[in-house]
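Engineer: I am attaching a structure below and will ask some questions about it afterwards.
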Amino acid sequence: MIDGSPVRTLARADGVLGEVVLRRRGDVVELVVDGVFTMDSAHTTTERDLATLALERLDGPALRVAVGGLGLGYTAATLLADPRVALLELVELDAVLVDWLGRGLLPGLPAAAVEAVGARLRVHVEDVLTAIPRLGPASVDAVLLDVDNGPGFLVHPDNARVYRQGFLAAAAGVLRPGGVLAVWSSHPAPDLARVLNAAVGACEEVLTTVERDGRRLVYATYLATRPPGRR
Ligand SMILES: C[S@@+](CC[C@H](N)C(=O)[O-])C[C@H]1O[C@@H](n2cnc3c(N)ncnc32)[C@H](O)[C@@H]1O
């Protein structure tokens, strides 16, 4: 049920994809982009799982991880909570969200948390389509992508390329051998799994059922591992 608590606007600004609004409904903070509800702080299991599932598949004391899509900051915060993550390359298209991160407005990654991580966080205000390939060959242990709803229900048509072979192969190229490319999707997307298999390496699908407003929704996370011997 959508609760009847009054809605209070916390921040509002013009972003690259339209007006961006951060608002509070009771205890819950919501993000609305261009009039479309994007996410809230009440249901963040799958955003956090995106980080946890990728980290579970990685060894090593000093991991360098890239994440595409800041949102409310839950995936990034989960990565930074793991001391093995020595450097997080955070790529966000919208400068408005990065500004709100700096002002401590994002519930997933509040000001004190950002201060605590210090130099372990590097922020790029850029499209993942250009920022991820520029990280350099075999330079990161994982790339995590949560920039849209997945290939079947795009919010921003330009993001279609994020789920295609060309970009995913380029993203695979920045992974160290044995590295993981993880993609969040609001729905099972078997075609995406096939593309990841071809572009990166063996791809696993993890499905999670979430109850939301009385509906049962099945979210998917795809995790493709670059073969250990391939450079
Ligand atoms: C659903 S939110 C990400 C949620 C995030 N995982 C969390 O834990 O809060 C998607 C984010 O991706 C950003 N975004 C959308 N398209 C992008 C792109 N092509 N490159 C980089 N960021 C993008 C949006 O501005 C938004 O901040």
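Throughout, read-outs are computed from the coordinates displayed, never taken from laboratory work. None of these values were measured; they are calculated from a predicted model. Cβ placement follows ideal geometry from the backbone for every residue including glycine, while neighbour counts extend to all protein chains displayed.
Engineer: Using beta carbons and a limit of 8 Å, which pairs, at least six apart or on different chains, have the first residue in region 137-149 and among the hydrophobic types (A, V, I, L, M, F, W, C) and the second one buried (at least 19 other Cβ atoms within 10 Å of the Cβ) and assigned to a loop (DSSP other than H, G, I, E, B)?
Structural biologist: Sorted first by the residue in region 137-149, then by its partner, the pairs are A138/V174; V140/V174; V143/I132; V143/V174; L145/G69; V147/G69; V147/L93.
Engineer: Yes or no: D82 among the acidic types (D, E), under 27 Å from E205 (Cα atoms) and away from the ligand (no atom under 13 Å from the Cβ)? Don't jump to the end; show me each part of the working.
Structural biologist: Numbers: among the acidic types (D, E): yes; under 27 Å from E205 (Cα atoms): yes; away from the ligand (no atom under 13 Å from the Cβ): yes.
Yes.
Engineer: How many of the residues in region 113-134 are acidic (D, E) and either outside any loop (DSSP other than H, G, I, E, B) or under 11 Å from L175 (Cα atoms) (or both)? Write out each step before concluding.
Structural biologist: Here is the first cut: in region 113-134, the residues acidic (D, E) are 115, 126-127.
With either outside any loop (DSSP other than H, G, I, E, B) or under 11 Å from L175 (Cα atoms) (or both) added as a condition, the list becomes 115.
Count: 1.
Engineer: Which of the residues belonging to region 135-181 are crowded, with 20+ Cβ neighbours inside 10 Å, more than 10 Å from the ligand (Cβ to nearest atom) and part of a strand (DSSP E or B)?
Structural biologist: The answer is V140, D141, A142, V143, L175, G179, V180, L181.
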